[in-house]
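These notes are about the structure you will find just below.
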Amino acid sequence: MTHPSSSAPRFSSKLAMILTCMGMAVGTGNIWRFPRQVAQYDGGTFLIPWILFLFLWSVPLLMVELGAGQHARRGPFGAFAKLAGPKFAWMGGFVTICTMLIMCYYAVVTGWTLKYALLAVSGALNDVTAESSIKIFDDFRSTPQALLFHAIALALAGFFVYRGTKGIEWLNKILIPALIAILLFGAVNALMLPNASDGLAYLTDIKWDKLAEPGHWIAGLTQSAWSTGAGWGLMLTYAVYARDNEDPVTTPMATGSGNNGIELIVALLIFPAVFSLMAGAGTDLVGGTSSKGGIAFQVIPMLFGQMSGGYLLNVLFFSGLAFAALTSLVAMVELSTRFFMDFKISRPKALVIALVLGLVLGAPSALSDTIFDDQDFIWAIGLIVSGLFMCFMVLRFGAERFAEEILNKNATVLKIGPWFKGLMILVLLEGLVLLAWWMTALVQFGTNWLISCLVQFGLVIGVLIAANSYLVKHLKD
C-alpha cells in the first residue's frame, strides 16, 4: 500500500474544518438526550462528570481520530491498516460498520425532525395539549410517512455528500451558525419568562453527595461519548480532507467545547421554560420522557404552545433540530461513502451503495419501535468498543510516537508530552469500565438483550476478520 494521493480535496480553512466537525458532533442527542440526562441525574450535579469526561474521553479520542485520518488519508479501515498494521484493519471495519448501522436508524430520526419542521411551519403544532401532542407523534410513527421521511432524509444527506467537501463544508458553514442563533434566541426568550430563575437554580445546584454514586459518572461519560461523536470514526473521515497543516490538537478541543456549549444553550432553553410554565412537573416531565425523543416531539410543542410567540418558537426549534440532525447524518453518510471509495469505487457509485444500505437496513427501524430500540441500544454500546479499538490503534503504533510524529507535527498552541500514553491507558480503562457496566445492565434488562448484543457483535467481527486479508489487498493506493 502506498500513501493516498496528496491531491485529494481539502476543506478550505480552519474555521470550515471546525464548523464541519461541529456539524458532525452536534445532533439530535444534544437537544433531546442531554436535558433528559440532566433531569435524571440531579441537574448541576450531572454537569461535573459531563465536563470532566469531555477532556478525559472525548477530546483525546477526537485528537486520535483527526491525527489518524490526516496521516493516513483514508477512512477508518485504511487508517487502522496503516497505523495498527494490516492484520488489525478489521477493527477499523468494525468502527465503520458500527457507525454505518447507526446511520441507518439515525436517518429515521432525521426524518422525524423534517416532518416536525413542516408541521411547525404549517401551524399544526399550535395550541397542542399533552394528549394531542403525543397523538401527533404516535400517528406519524404508525404510518408509511415515517418510511417516506426516512428516505427523504437520506436523499438530502446524499445531495451534499455527492458534492464532496464543497457540499459538506457549505452545509455546515450555513446550518451550524443558524442552529446556534436559533437556540440562543430561544434561550433568551425562555430566560425572560416568569420564574425562569428556578430553572437556572436547578442547573447550578450541585449535590456533592450524589457524586459518590457511580451512575452519575457512567451517565456523564456516556453522554459525552455519544454527543461529541468521539470514537465513531466521523472526525477521522473528515480528517481525510483536512489541510496538511491542520492542528490536530486545537481543532478537536474547539469541536468538543463547541458541542458542550450548544448543549448548555439547549439546557438554558428547556429548563427555565419548563420550570416557568410547568412548575411542579419540572424535572419529572423532562426526565421521564421517552428516549425516542419525548422532549423534542411531545413536550416542546406543548411547552411552546403556552408561550407568547409559540408558533415562531416551534418553527425555529424544529428547524434547528432538523439542521442538527441533517449535519450529523451527512457525516455518517460520508463515512459510509468513504469506506467504499477506499476500495477504488467512485464517489457517485459509493454514495449510491451507502444510501441503498441506509434505506434498506433503516426501513425496519422506521416501521417498528422494537427494532428501533434494539438497534439504538446495541450499536450505542458498539461505540464504546469502537473507542477501545481507537486506543488500541494508538498503543499499537506507539503512543509517544503517535504524539510526536502525528499530533505534534502540526500542533501550534499545545504540544503533546509523554503524558499522552498515560492518557490513552486511562481512556482505555474508562471504556472497559463503561463496557462492563453496560453488559451488566444488559443482563438486568434480560438475557435476550445480552444475546442480541453478543450475536450482532460476533457476526460483524467474525465476518470482518475472515475478510480482512482480502480487503487489505484491495485498498486504494
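The values are calculated or read from the model by the stated rules, or taken from the named source; none is laboratory data. None of the values given here were measured: they were computed from a predicted structure. Note that we place each Cβ from the backbone using ideal geometry, even for glycine, and neighbour counts take in every protein chain shown.
Among the residues of segment 114-137, write down those that are crowded, with 21+ Cβ neighbours inside 10 Å and outside any helix (DSSP H, G or I).
Answer for segment 114-137, where residues must be crowded, with 21+ Cβ neighbours inside 10 Å and outside any helix (DSSP H, G or I): LEU125, VAL128.
Take the conditions assigned to a helix (DSSP H, G or I), more than 21 Å from GLY256 (Cα to Cα) and touching an Asp or Glu at 6+ places or on another chain (Cβ under 7 Å) and apply them to GLY111. Does it pass? Break it down stepwise before answering.
Details: assigned to a helix (DSSP H, G or I): yes; more than 21 Å from GLY256 (Cα to Cα): yes; touching an Asp or Glu at 6+ places or on another chain (Cβ under 7 Å): no.
Spelling it out, it is not the case that GLY111 is assigned to a helix (DSSP H, G or I), more than 21 Å from GLY256 (Cα to Cα) and touching an Asp or Glu at 6+ places or on another chain (Cβ under 7 Å).
Looking only at residues that are closer than 19 Å to LEU316 by Cβ and more than 27 Å from the chain's Cα centre (by Cα) in segment 190-207, which one is surrounded by the most Cβ atoms within 10 Å (Cβ to Cβ)?
Ranking the qualifying residues of segment 190-207, first place goes to ALA196.
Within the set of pairs 6 or more residues apart or between chains, which connect a residue that is surrounded by 15 or more Cβ atoms within 10 Å (Cβ to Cβ) inside segment 460-477 to a residue that is basic (Lys, Arg) and in a helix (DSSP H, G or I) with Cβ atoms less than 7 Å apart?
ASN468/LYS87
Can you give me the number of residues within segment 213-250 that are surrounded by fewer than 17 Cβ atoms within 10 Å (Cβ to Cβ) and in contact (Cβ under 8 Å) with a residue 60 or more places away in the chain?
Number satisfying all stated conditions: 5.
Looking for whichever is out of contact with any helix residue (DSSP H, G or I) (no Cβ under 7 Å at 6 or more places or on another chain) and either crowded, with 23+ Cβ neighbours inside 10 Å or farther than 22 Å from LEU434 by Cβ (or both) here; the options are ALA39, ALA107, ALA16, ALA8. Which one fits?
Just one listed residue meets the conditions, ALA8.
Return the residues of segment 15-40 that are β-branched (Val, Ile, Thr), closer than 17 Å to MET253 by Cα and within 12 Å of the chain's Cα centre (by Cα); say none if nothing qualifies.
Within segment 15-40, just VAL26 meets the criteria.
Which members of segment 419-448 meet the condition of being farther than 21 Å from GLN223 by Cβ and over 22 Å from the mean Cα position of the chain (by Cα)?
Once the filter is applied, which keeps residues that are farther than 21 Å from GLN223 by Cβ and over 22 Å from the mean Cα position of the chain (by Cα), segment 419-448 yields TRP419, PHE420, LYS421, GLY422, ILE425, VAL443, GLY446, THR447, ASN448.
What are the residues in segment 410-420 that are more than 14 Å from VAL64 (Cβ to Cβ) and either in a helix (DSSP H, G or I) or among the basic types (Lys, Arg) (or both), if any?
Answer for segment 410-420, where residues must be more than 14 Å from VAL64 (Cβ to Cβ) and either in a helix (DSSP H, G or I) or among the basic types (Lys, Arg) (or both): ASN410, LYS415, TRP419.
Mind listing whichever residues of segment 353-373 are under 27 Å from PHE80 (Cβ atoms) and touching a Ser or Thr at 6+ places or on another chain (Cβ under 9 Å)?
Answer for segment 353-373, where residues must be under 27 Å from PHE80 (Cβ atoms) and touching a Ser or Thr at 6+ places or on another chain (Cβ under 9 Å): ILE353, ALA354, LEU355, LEU357, GLY358.
Tell me, yes or no, whether segment 380-398 has at least one residue that is out of contact with any Leu (no Cβ under 7 Å at 6 or more places or on another chain), assigned to a helix (DSSP H, G or I), buried (at least 19 other Cβ atoms within 10 Å of the Cβ) and free of Cβ contacts under 8 Å to residues at least 60 places away in the same chain.
For segment 380-398, residues out of contact with any Leu (no Cβ under 7 Å at 6 or more places or on another chain), assigned to a helix (DSSP H, G or I), buried (at least 19 other Cβ atoms within 10 Å of the Cβ) and free of Cβ contacts under 8 Å to residues at least 60 places away in the same chain: absent.
Using beta carbons and a limit of 9 Å, which pairs, at least six apart or on different chains, have the first residue in segment 201-212 and hydroxyl-bearing (Ser, Thr, Tyr) and the second one modelled with pLDDT of 95 or more and part of a helix (DSSP H, G or I)?
THR204/LEU47
Considering only residues of segment 283-299 that are in contact with a helix residue (DSSP H, G or I) (Cβ under 6 Å, 6 or more places away or on another chain) and either modelled with pLDDT of 80 or more or not in a helix (DSSP H, G or I) (or both), which is surrounded by the most Cβ atoms within 10 Å (Cβ to Cβ)?
By that ranking, first place goes to PHE297.
Answer yes or no as to whether LEU407 is more than 26 Å from PRO214 (Cα to Cα) and either touching a residue at least 60 places away in the same chain (Cβ under 8 Å) or within 26 Å of the chain's Cα centre (by Cα) (or both).
Spelling it out, LEU407 is indeed more than 26 Å from PRO214 (Cα to Cα) and either touching a residue at least 60 places away in the same chain (Cβ under 8 Å) or within 26 Å of the chain's Cα centre (by Cα) (or both).
What pairs come up if the first residue lies in segment 35-62 and is more than 22 Å from LEU234 (Cβ to Cβ), the second is aliphatic (A, V, I, L, M) and outside any helix (DSSP H, G or I), and their beta carbons are under 6 Å apart, counting only those six or more places apart or on different chains?
Hits for this filter: GLY44/ILE206; THR45/ILE206.
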